[in-house]
Amino acid sequence: MVDQTAARTGPDAGVPRSPDDVDCVWLTDVLGPAVGPSAHVADVLVGPVGIGIGLLGQLRRYTLRWEGGDGPASVVAKFPAAGDKSRALAEALAMYPREVAFYRDLGAATPLSVDCYHAAVDESTHDFVLVLEDMVGATTVDQLAGCPVERAEQVVTALADHHARHWDEAGLDRAPWLERFVEQGLPGQIAAAVRVCWPGIRARFADELAPGTLALGDGLADALPRIADRLSRRPVTLSHGDLRLDNVFFADGSDGVRLCDWQLTGRSRGMRDVAYFLTQSLTPGDRRAAELDLVARYVRRLASQGVRSYDEDAAWEDYRTATLLGFAYAIVALGGLDQDDDRSAALPRAMLSRSVQAMADLGCSLPER
C-alpha cells in the first residue's frame, strides 16, 4: 500500500502542464518518498491507456527503468481532459481538485481506491496530475460489452463493505471538504448542463426514446435539486459518484475490486453508486434478470457488517431515485463532452439507451415538489 498521505497540492508541488512535460527527473521526485532516496528513474517510455476510456481526463502509462534501487515498473498518470468541452465541464464541476483532495485525505484509508503516489492541483489554472499504481495485472471489462452478472456480484459486495465502513459518515471527519451531494454545487451544475444538452438530444433521438422518457427529460433539470436532496438524507456514506465499469479493476486477492476516478465523490446514500453501476454497466437484459437479487445482496451484506437499519424497501426507493440521476449523467455525457474517437462517441449513446430502458423497467417518476 502506497503512503498516500504524502500527496501534495498547489502550484509549487510540480504540476506538469501536459503529459509531455513528465520526465525522469520529475518522476524520481514524486516517486522518491515511496522508493527511497538512492533510487532514480534512468529511462522512461510513455504510452496511452486505452482509447476513449477517460471521458474527463487524459491517461498515460509510464514504463520506468530504475537505477540505484527498485521502484514500480510502471505507473499511470492522469491529467486534465484534452478537449475544450470536456475540460470546461470538469472545471465547472470542480472535479479535478475534488479528486486530488480525495487522494490526499481519504485514499489511503479506502481499500477500494487505486493507490496514489502523487496528487497535485494548480488552483489558478485547474491543471492537475495524479500518479497512480498501474493496475496492469488486474482484469478489466469493457463497459460497452457489459458487466457479467458474476462480476457485478463482486462489485456490489465490495460496495456494501465500503459503504458500511463509512455508514452515517463514520471516518469522514478527516475530510471536512467532503460535503453532502446536495450541498456540493454539483446538482446545480448538472441541472444547468442538462438544460443545455437535453433539447438537442431530444430532437435527435425522440424516435428512439421509450414512452414517457421525453416528459422525464423535460422536467429533469428542475427536479435535480429534489433528487439530490433525497440522495443526501441521512444515513449517508462515502460514495464514489461515478461508478461505471470503465472505472473498475478486478484484482487478485482478498480485496478483489479496486476503483479509480473519484472525481464525483461525496457524502450520499450508498444506492447512488449501486444504481449507477447496475443501470449503466450491465446490459439491459442482464440488469433485468439480476437487479432484484443484486439489491437484496447489497442490503444483506450491509446487515452482515452491522448496518441493520436499511431495508429493501428503502433501498428500492433510493435505487429508483438514483436511476434518474444516472439519466442526467448520460444526457451530459452525450451532449456536453468531446467525442474524439469511436468509443468516446459510442459510450454516451449506450449510457443514454441503458438509462432510458432502466427508467422504463423501474417505472421511475420525477419526485414531486
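We did not get these values from a lab; they are worked out from the coordinates using the rules stated. Here the structure is a predicted model, which means the values were calculated and not measured. In this analysis, Cβ positions are derived from the backbone assuming ideal geometry, glycine residues included, and neighbour counts consider all displayed protein chains.
So the values come out like this:
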| quantity | calculated |
| --- | --- |
| Fluctuation leader among Tyr329, Tyr298, Tyr310 - the chain, Gaussian network, Cα springs under 10 angstrom | Tyr310 |
| Spacing of the two label points (7 Å from each Cα toward its C-beta) at Asp252 and Ala289, in nm | 3.0 nm |
| Top of Leu144, Leu209, Leu245 by mean-square fluctuation, Gaussian network on the chain, Cα under 10 Å | Leu209 |
| Charge dipole (region 149-362, unit charges on Cβ, about Cα centre) - positive-most of Ala289, Phe250, Leu172 | Leu172 |
| Residue order, fewest to most surrounding Cβ atoms within 10 angstrom, among Lys85, Lys78 | Lys85, Lys78 |
| Burial order of peptide ranges 93-103, 108-118 (average beta-carbon count within 10 Å, highest first) | 93-103, 108-118 |
| Rounded if a/c under 1.5, otherwise prolate or oblate - region 192-297, Cα gyration tensor axes | prolate |
| Given charges at Cβ of Lys, Arg, Asp, Glu: the chain dipole, positive-most of Ala90, Pro225, Leu347 | Pro225 |
